[in-house]
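Note sheet for the following structure.
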Protein chains: 4
Amino acid sequence: MYVPSQVGHRRWAIAEGYIPEFSNGPAPQFTSHETVCVLNASDSDAHVELTVFFTDREPVGPYRLTVGARRTLHQRMNDLADPPIPRGVDYASLIESDVPVVVQHTRLDSRQSANALITTIGHPIPEES
Amino acid sequence: MYVPSQVGHRRWAIAEGYIPEFSNGPAPQFTSHETVCVLNASDSDAHVELTVFFTDREPVGPYRLTVGARRTLHQRMNDLADPPIPRGVDYASLIESDVPVVVQHTRLDSRQSANALITTIGHPIPEES
Amino acid sequence: MYVPSQVGHRRWAIAEGYIPEFSNGPAPQFTSHETVCVLNASDSDAHVELTVFFTDREPVGPYRLTVGARRTLHQRMNDLADPPIPRGVDYASLIESDVPVVVQHTRLDSRQSANALITTIGHPIPEES
Amino acid sequence: MYVPSQVGHRRWAIAEGYIPEFSNGPAPQFTSHETVCVLNASDSDAHVELTVFFTDREPVGPYRLTVGARRTLHQRMNDLADPPIPRGVDYASLIESDVPVVVQHTRLDSRQSANALITTIGHPIPEES
């Protein structure tokens, strides 16, 4: 069986980010949104910090999330506050955790008549040597 | 030519998982679903264990699958039983095999009038050192 | 500037493969298809061998492709012959080259009224040590 | 907190590239396009060179972009000039930077009635040893 403390990395990056400005279909499931998905397969809670980068202003954050031991958290970027992520604006994300996690990023875009989806596993950042 | 015993890794993780609750179009091909795709290029059968993580409850599994030598298995998550994966619920997956395999994860979402698709290669977990 | 001989890997795997059986929209651009995209940034032609794995039969291939020095080839899997890849059947791919290349896999699915797309960078297989 | 100078790699490759020839919906947001997304989490500006490879002609570029310190740039391939990227033509990309960055590639295809999207994290090229 797996060694829970060794599933993933402590730091991840996602270069693409964009929350579409409008939506078609009933909320919340068809609201255009982006989600950062974090898997914490370890036996300790993961304390996660999310820093968001923009084209023309300083980064914001860190936003703080907790992902319980042996849990996954699919956090809508739309729901972050202090400050909220602006809609219709390019951004990128850096995810840092105190225990190894696995990170994936997904968008649902329902601006036209049928939704479109994208996903990618994040880019893991190796530990400092 | 390739060395079949060395194509891939024994452990993989997928942080995103979500089986949409409804569908448009004829079943089974347009049924909203997620699929874990496993390539076993080796000359030995792969015995695969799938553990599924949730937001607010303990993981379930392992579900056990066999992928024959020199075969690929595209297993619909919808078809897992004991227990079934609930629809409309966030989850994540850990895949473990006794021989190296390659893992990819795909969703077909047909809730609106035209289907949407996502895929990503999984995140490989290096061997313990 | 980059060292052309060192961009990528000699072996790649893709676990997902499926050519949808029908299409909407004018051929060839809206024909449902899968494409293996190979970038050869090196100064030597790449001789590529493609092996295709199935659920319930032995692998077929290798299909042989040449990707010129400093060229990219986006090969539709639909166009492979001897034997053709069957439609509506699950498969997976192993790609081997005599010089390092980068491999990505894409599907266009036009079975419903608006096309859906997926892509992922392949999984690189490290050199034998 | 992260070490900004070590987030990512100096060289990345994307094997898939294709700007669809037509679009549905208001420009610019629904114009069919491809975007290379670059995250520069470092404290130094990133000077980025983009080389584009084709099926049947020599590569073009490098196109030069600057991504400020602690910024992300989502550059539409459609907007590159000298020379422009032709529409409806297969291509691939090599991205080189003087500081480590993270690269992701996205397409919006609005040729049919509802847009389709794809994305993938690029393939990082390790440093020369």
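The values are calculated or read from the model by the stated rules, or taken from the named source; none is laboratory data. Predicted model, so just to flag it, every value in this text is computed and none were measured. Note that we place each Cβ from the backbone using ideal geometry, even for glycine, and neighbour counts take in every protein chain shown. For the accessible areas, the whole protein counts, side chains as well, though only heavy atoms, and no ligand, DNA or RNA atoms are used. Shrake-Rupley method; radii C 1.70, N 1.55, O 1.52, S 1.80 Å.
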- Kindly check whether there is at least one residue in the stretch C:109-124 that is without any contact (Cβ under 8 Å) to a residue 24 or more places away in the chain, more than 8 Å from chain D (Cβ to nearest Cβ) and of a type outside the set (S, T, N, Q). no
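Give the residues of the stretch A:36-67 that are part of a strand (DSSP E or B) and in contact (Cβ under 8 Å) with a residue 60 or more places away in the chain, sorted by residue number.
A:V36, A:C37, A:V38, A:L39, A:N40
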- Query: Condition test on B:I121, is it surrounded by 19 or more Cβ atoms within 10 Å (Cβ to Cβ) and either closer than 28 Å to A:P126 by Cβ or hydroxyl-bearing (S, T, Y) (or both)?
  - Reply: yes
- Scan the stretch B:64-88 residue by residue and report those that are surrounded by fewer than 16 Cβ atoms within 10 Å (Cβ to Cβ) and out of contact with any Asp or Glu (no Cβ under 9 Å at 6 or more places or on another chain). B:D79, B:A81, B:D82, B:P83, B:P84, B:P86
- Query: Is there any pair with a first residue in the stretch A:75-104 that is within 13 Å of chain D (Cβ to nearest Cβ) and a second that is polar (S, T, N, Q) and surrounded by fewer than 16 Cβ atoms within 10 Å (Cβ to Cβ) whose Cβ atoms are under 6 Å apart and which are 6 or more apart or on different chains, and what are they?
  - Reply: A:D90/A:T55
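Does B:D109 meet the test of being in contact with a Phe, Trp or Tyr (Cβ under 9 Å, 6 or more places away or on another chain) and open to solvent by 10 Å² or more (accessible area, probe 1.4 Å)?
Spelling it out, it is not the case that B:D109 is in contact with a Phe, Trp or Tyr (Cβ under 9 Å, 6 or more places away or on another chain) and open to solvent by 10 Å² or more (accessible area, probe 1.4 Å).
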- Of the residues D:S5, D:S42, D:S97, which single one is at pLDDT below 95 and among the polar types (S, T, N, Q)? D:S5
- Under the condition of being of a type in the set (A, V, I, L, M, F, W, C) and modelled with pLDDT under 95, which residue from the stretch C:100-120 is farthest from D:S93 (Cα to Cα)? C:A114
- Given the structure, is C:Y91 surrounded by 16 or more Cβ atoms within 10 Å (Cβ to Cβ), modelled with pLDDT under 95 and more than 27 Å from A:Q112 (Cβ to Cβ)? no
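For every residue, the table says whether it meets (1) under 13 Å from the mean Cα position of the chain (by Cα); (2) open to solvent by 10 Å² or more (accessible area, probe 1.4 Å); (3) farther than 27 Å from B:V38 by Cβ.
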{"position": "C:F30", "(1), (2), (3)": "no, no, yes"}
{"position": "C:N40", "(1), (2), (3)": "no, no, yes"}
{"position": "C:V52", "(1), (2), (3)": "yes, no, no"}
{"position": "C:R57", "(1), (2), (3)": "no, yes, no"}
- Task: Tell me, yes or no, whether the stretch A:27-35 has at least one residue that is in a loop (DSSP other than H, G, I, E, B) and within 23 Å of B:P124 (Cα to Cα).
- Result: no
